[in-house]
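Peer 1: Please see the structure below; I have some questions.
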Amino acid sequence: MGLVPVVAGVVLAMAGCASSPSQKAPDGVQDLYARLAKRNETYVVEGICRLGGSSVSKGESQYGSCPYGYERAGRLYFSLATLEPVETHISCKVYNINEKNKSSTCDEFVYADLYSSSAAQKTAAFVGAALKFGTQMSMPQSLDADLFKRYVESSLPTQQRLKILRDDETYRAGFRARLAEESRQEELARANAKAEDARKRAQFRQSVAEANSTADRSFAALSATQKNVGSTVCSRDNRIGYVEQATGAKIKVLLRGRAVAQRDAVFGRNPLGPFEVDKTGLSFEQVHGPNSSNIELPVVDPNFLFKPHQTVRIAPVAASHIWDEGRFWAPCDWRVS
C-alpha cells in the first residue's frame with residue numbers, strides 16, 4: 001500500500017471530528033496490522049501485513065506476513081481492526097548526570113512526540129540514577145494512545161481502513177475458488193502441452209516416413225542405372241566403395257567405408273532419428289558409460305545414405321573386394337573421410 005501523508009497541526013486537531021475510529025471492523029479479518037511511521041516530519045500509515053503465526057494460508061490474503069520483530073518499540077505497529085498498538089512502552093536514555101551537556105537521546109527519538117513520562121516514572125528514573133551513582137539515566141516512556149490513534153485516523157481514515165479489511169475478507173472468501181481455477185488452468189495447460197507433443201510426434205513420424213519413402217524411390221531408380229568403372233557407389237546397408245569392374249549384371253567393388261553415427265545421434269538428435277545402429281559386441285559400459293557419446297556405431301537403417309541428415313559420416317574400413325549384383329548398389333556422392 002502506498003504512503004498516505006498526515007499533516008500535523010490543524011489536520012491533527014480536526015481528526016477527531018472527521019470520522020470515528022470506533023466503527024466496527026469486519027469480524028472475519030482480525031490479523032491485519034500496519035505501522036505508523038514518520039516520513040519528513042509527516043506521519044503515514046504503511047506496511048500492511050498479517051500478524052506472525054496467522055493461520056491464513058499463503059496466497060489466501062492479499063498481504064504477506066509481518067516482518068520478524070515487528071513488535072519492537074518505535075516501529076508502532078497496530079491492529080487495523082482495533083487500532084490497538086502492539087507496543088505501548090519504551091525506555092530511552094535522557095542524559096548522563098555527570099555530563100550535563102551530553103545530547104539527549106530521548107529528544108533524538110523521531111517518535112518522541114507520541115510518548116511522555118508520568119511524574120512517577122520520572123521520579124523512579126531519578127532514584128534509579130542516584131542509586132547507580134550518577135550513571136546514565138533511562139527514562140520510561142508511555143505511548144499517548146489517543147494521539148497515536150488520531151494520527152492513524154488522519155493518515156488512514158476509518159472508511160479507508162475498513163475498506164482494506166473488507167476487501168481482504170472478500171479476497172479470502174474467494175481463495176478456494178482461485179485455487180480451483182488455478183488447478184483447472186494447470187490441468188488445461190498440461191492437456192494442451194500433451195496434445196502439442198502428440199502433434200509434434202505425429203509430424204515427426206510423418207517426416208521420417210516421407211524421408212524413408214523418398215530414399216527408397218531414389219535408391220531404386222539409381223540402382224537400376226549403368227555402373228561405370230571408377231564411380232562411387234553405396235549399398236542399401238550403407239557401405240561405400242568404388243567400382244573396379246562391371247560385367248553384365250555384376251560389379252566388382254573395392255569396399256572402403258561405411259556409415260557410422262555417434263550414440264547421441266542414435267537417441268534422437270538427428271533430424272531423422274532415432275535410427276537403428278549395430279551394437280553387436282558392445283558392453284553395457286561402452287553403450288551407457290561416460291564416454292558413450294563418442295562411440296561411433298554402424299548405421300543399419302536401409303538406404304540411410306540416401307536420406308537428408310546431419311550426424312552420419314563415412315568411416316574408413318579395411319580395403320576388400322567383393323563381386324555383387326549391380327542392383328544392390330547405386331551411385332552416390334559420399335567419400336571416405
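The values are calculated or read from the model by the stated rules, or taken from the named source; none is laboratory data. All values derive from a computational prediction rather than experimental measurement. For neighbour counting, all protein chains shown are included, and Cβ atoms are generated from backbone atoms with ideal geometry for every residue, glycine included. The protein model used for the area step is the full one, side chains on, heavy atoms only, and it has no ligands, DNA or RNA in it. Shrake-Rupley method; radii C 1.70, N 1.55, O 1.52, S 1.80 Å.
Peer 1: Within the accessible area of the stretch 157-214, what % is carbon and sulfur when the probe is 1.4 Å and the other protein chains stay in place?
Peer 2: Of all accessible area on the stretch 157-214, carbon and sulfur atoms account for 55 percent.
Peer 1: Please give the peptides 249-257, 301-309 ranked by average Cβ packing (other Cβ atoms within 10 Å per residue), highest first, as a rough proxy for protection. Don't skip to the end; give the middle numbers.
Peer 2: Working: 249-257: 17.8, 301-309: 20.1.
Answer by packing, highest mean first, reads 301-309, 249-257.
Peer 1: If you don't mind, another one. At 0.36 nm per residue, minus the direct Cα-Cα distance, what do Tyr171 and Asp278 gain on full extension? Give it in nm, one decimal, please.
Peer 2: Gain on stretching Tyr171 to Asp278: 32.2 nm.
Peer 1: Here's another thing I want to ask about it. Quick one: if you stick a label point 7 Å off each Cα along the C-beta vector at Ala180 and Gln159, how many nm between them?
Peer 2: Between Ala180 and Gln159, the label points sit 3.5 nm apart.
Peer 1: I need the shape label for the stretch 157-214. Rule: rounded when a/c is under 1.5, else prolate if a/b > b/c, else oblate, with a, b, c from the alpha carbon gyration tensor. If you can, show how the numbers build up before the last one.
Peer 2: Numbers: a/c = 14.79, a/b = 5.27, b/c = 2.80.
Judged from the Cα gyration tensor, the stretch 157-214 comes out prolate (a/c at least 1.5, a/b above b/c).
Peer 1: For the pair Gln30/Ala112, report the inter-label distance in nm, with labels modelled 7 Å from Cα in the Cβ direction.
Peer 2: 3.9 nm
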